[in-house]
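Taking it in order: structure first as structure tokens, then the write-up.
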Amino acid sequence: EADLHQASRRGCGSALYLLQSLVKAGFSQPPSLWLVTRGAIAADGESELSGLAQSPLWGMGKIISLEYPELKPVRIDLGPDAPENEAEFLFQEIVSQSGEDQVAFRNQGRRVARLARERESRTIPDPVVFRGDATYLISGGLGGLGLLVARWMVSRGARHLVLLGRRGTPPAAVDTLKEMEQAGA
């Protein structure tokens, strides 16, 4: 765990220092920022991450793209195994100006983030049912959303609710509370 923490700090810490230097330099034409990791993300159905300690750098890259879009940060993840032509793939990606900001190289191929339809149809889960003999706590339960959740829970079997609020019971909530009591809560 200490090694993971240290590796994460080293990777993100280095990127942070680089980012601060780039911002401080005040370039008229800011350079592009490329963050390259190895095995930090799952691609091609991988179930294990060999570079887990580098994964936080991907999250940091997303934040950099939101806060400093002029740097056009691109995240590239190289596969766990290093094919002979990996440097060529990396070079081609950098000079291509493809506009992609997330790229993974796996099995001699280039993968980019895309939304896709789910291949398997999933069955709709059974509706939520609450136990009548259990007690449920709703923090913020006396506000508009909390009361809405409470009413929904009562309609699905909840009978014992504890509704917490910072300011006591507002007058607008009294009718909803009476309605839930009449429903058996």
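Relative contact order of segment 34-83, taken over Cα pairs closer than 8 Å and 6 or more residues apart, is 49 percent. Taking amide hydrogens as placed 1.01 Å from N in the peptide plane, the amide H of Y136 sits under 5 Å from those of H160, L161, V162, each at least 5 positions away in sequence or on another chain. Between the listed residues G59, L164, V95, the Cα displaced farthest toward the positive end of the dipole of the chain, a dipole computed from Cβ unit charges relative to the Cα centre, is found at L164. Between A7 and W58, the simple label model (points 7 Å from Cα in the Cβ direction) yields a spacing of 1.4 nm. Between amide H atoms placed 1.01 Å from N, distances below 5 Å from V74 occur with L33, W34, L35, all of them 5 or more places distant or on a separate chain. For the options G144, G59, G11, a Gaussian network treatment of the chain with springs between C-alpha atoms closer than 10 Å singles out G144 as fluctuating the most.
Only protein heavy atoms count here; under a 1.4 Å probe, T123 has an accessible surface of about 120 Å².
For segment 17-158, the orientation-averaged shadow of the C-alpha convex hull comes to 14.7 nm² (one quarter of the hull surface).
Projected label points at N85 and T135, each 7 Å from Cα along the beta carbon direction, are separated by 6.8 nanometres. Rolled with a 1.4 Å probe across the full set of protein chains, the surface gives W34 an accessible area near 80 Å². Summarising the strand pairing of the chain, around 25 percent of its internal DSSP beta bridges are antiparallel. Amide H contacts of R106: R111, each under 5 Å away and 5 or more positions distant or on a separate chain (H built 1.01 Å from N in the peptide plane; Pro and chain starts excluded). Probing with 1.4 Å while keeping every protein chain in the model, the per residue accessible area of segment 46-90 equals 57 Å².
Dipole magnitude for the chain: about 780 debye, using +1 per Lys or Arg Cβ and -1 per Asp or Glu Cβ, origin at the Cα centre.
When the charge dipole of the chain is built from unit charges on Cβ atoms (+1 for Lys and Arg, -1 for Asp and Glu) and taken about the Cα centre, the candidate among A40, S155, F130 whose Cα reaches farthest toward its positive end is S155. Normalising by residue count, segment 1-40 has a Cα convex hull of 52 Å³ per residue.
Taking label points 7 Å from Cα along the Cα-to-Cβ direction, S155 and S14 give a separation of 5.5 nm.
In percent, rounded to a whole number, the relative contact order of segment 72-185 is 20, using alpha-carbon pairs under 8 Å and six or more apart. With viscosity 0.890 mPa s and temperature 25 °C, the Kirkwood radius over alpha carbon pairs of segment 17-57 converts through Stokes-Einstein to a diffusion coefficient of 197 µm²/s.
The values are calculated or read from the model by the stated rules, or taken from the named source; none is laboratory data. In this text the structure is predicted, and so the values were computed from the model without any measurement. Note that we place each Cβ from the backbone using ideal geometry, even for glycine, and neighbour counts take in every protein chain shown. Side chains included, ligands, DNA and RNA excluded: accessible areas come from the protein's heavy atoms. Shrake-Rupley method; radii C 1.70, N 1.55, O 1.52, S 1.80 Å.
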